[in-house]
Amino acid sequence: MEKKYVDQWIDYDGSQLTSLWALRRFAVQGDSIVAFEGGCLVEGENLVDQVDYLAGDLIRSEHMLHFLVEHFDAGPDLARTILRQRLLICIVREALAELAPEAPVMRRGDDLYLGERKLSVSIATVSPVSGHIHAGLNVTGVTAPIPAVGLEEIGVAPLEFAWRVLDAYAAEEEKMSAARTKVRWVP
């Protein structure tokens, strides 16, 4: 599993959630998790969630920490990709609990909240060749269209946090891969 932190501002608009984005943009080939900071504005045809699309919703934040994950063993297996999305969100929550124990961030499905204020957005989807996950955490939540909280408010530095999540997700994938190779089948 390749992991990369991109030290440049990239505004996320949903078009990045596509096959081979990490390879085409950063020469990161294979299963990968890439983190970067940037704004976020996803609307219209770039909304993968069709309930949001039909409602005319948009996703907006002036400053987020983004994680883009691609797995090639998932192919068109949406259920597996959603499970990995939930795993990523659990890893994010664990890292927040370690770095900001005084901020009781709670997980509801694939989203994270501090009280009733939303900290994250997340989506999972598939293409014919791979599974894709995007998770974005507000660094600041000022321009979000709903009550939001950001990493800055709870005292979490985005760069340190990004590396903690990148390392933990890659390690979890490695351990799951090893677990598949050490058990025998049962009749």
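Bear in mind that the values in this text are calculations on the coordinates, not laboratory data. Since the model is a prediction, treat every value here as computed from it, not as a measurement. Cβ sites come from the backbone with ideal geometry, for glycine too, and all protein chains shown count toward neighbours.
Within the listed set 55, 35, 144, the Gaussian network model of the chain (springs between alpha-carbon atoms below 10 Å) gives the highest mean-square fluctuation for 55. Each part gets one Cα centre, and for the range 135-183 versus the range 50-125 those centres are 9 Å apart.
Packing-based ranking of 123-131, 65-73, 6-14 yields 65-73, 123-131, 6-14, ordered from highest to lowest mean Cβ neighbour count within 10 Å. Can you bin the range 16-106 into rounded, prolate or oblate? Criterion: square roots of the alpha carbon gyration tensor eigenvalues sorted a ≥ b ≥ c, rounded for a/c under 1.5, prolate for a/b above b/c, oblate for the rest. Rounded, because the longest to shortest axis ratio a/c is under 1.5.
Helical runs assigned H by DSSP (4 residues or longer) give the chain a calculated mean residue ellipticity at 222 nm of -10000 deg cm²/dmol, each run adding -39500 (n - 2.57) before division by the residue total. Restricting the GluC sites (Glu not before Pro) of the range 95-187 to loop positions (DSSP other than H, G, I, E, B) with no more than 10 neighbouring Cβ atoms within 10 Å leaves 102, 116. Farthest toward the positive end of the dipole of the range 2-180, out of 54, 64, 127, is the Cα of 127, where the dipole comes from beta carbon charges about the Cα centre. Between residue 127 and residue 50, the contour length at 0.36 nm per residue exceeds the alpha carbon distance by 26.1 nm. Between 34, 156, 165, the Gaussian network model of the chain with springs among Cα atoms under 10 angstrom shows the greatest mean-square fluctuation at 156.
The calculated FRET efficiency for residue 23 paired with residue 102, based on their beta-carbon distance and R0 = 45 Å, is about 0.65.
Taking the range 87-123 and a reference point 7 angstrom along Cα→Cβ of residue 57, the backbone N atoms nearer than 12 Å belong to 110-111, 121-123. Shape descriptor for the chain: Rg over Rh equals 0.96 (Cα atoms; Rh from the Kirkwood inverse mean 1/r). When 176, 64 are arranged by Cβ crowding within 10 Å, least crowded first, meaning fewest neighbours, the order is 176, 64. DSSP assigns beta bridges within the chain; of those with both partners inside it, close to 80 percent run antiparallel. For the range 2-180, the Cβ-based charge dipole about the Cα centre amounts to some 360 debye (Lys, Arg positive; Asp, Glu negative; other atoms uncharged).
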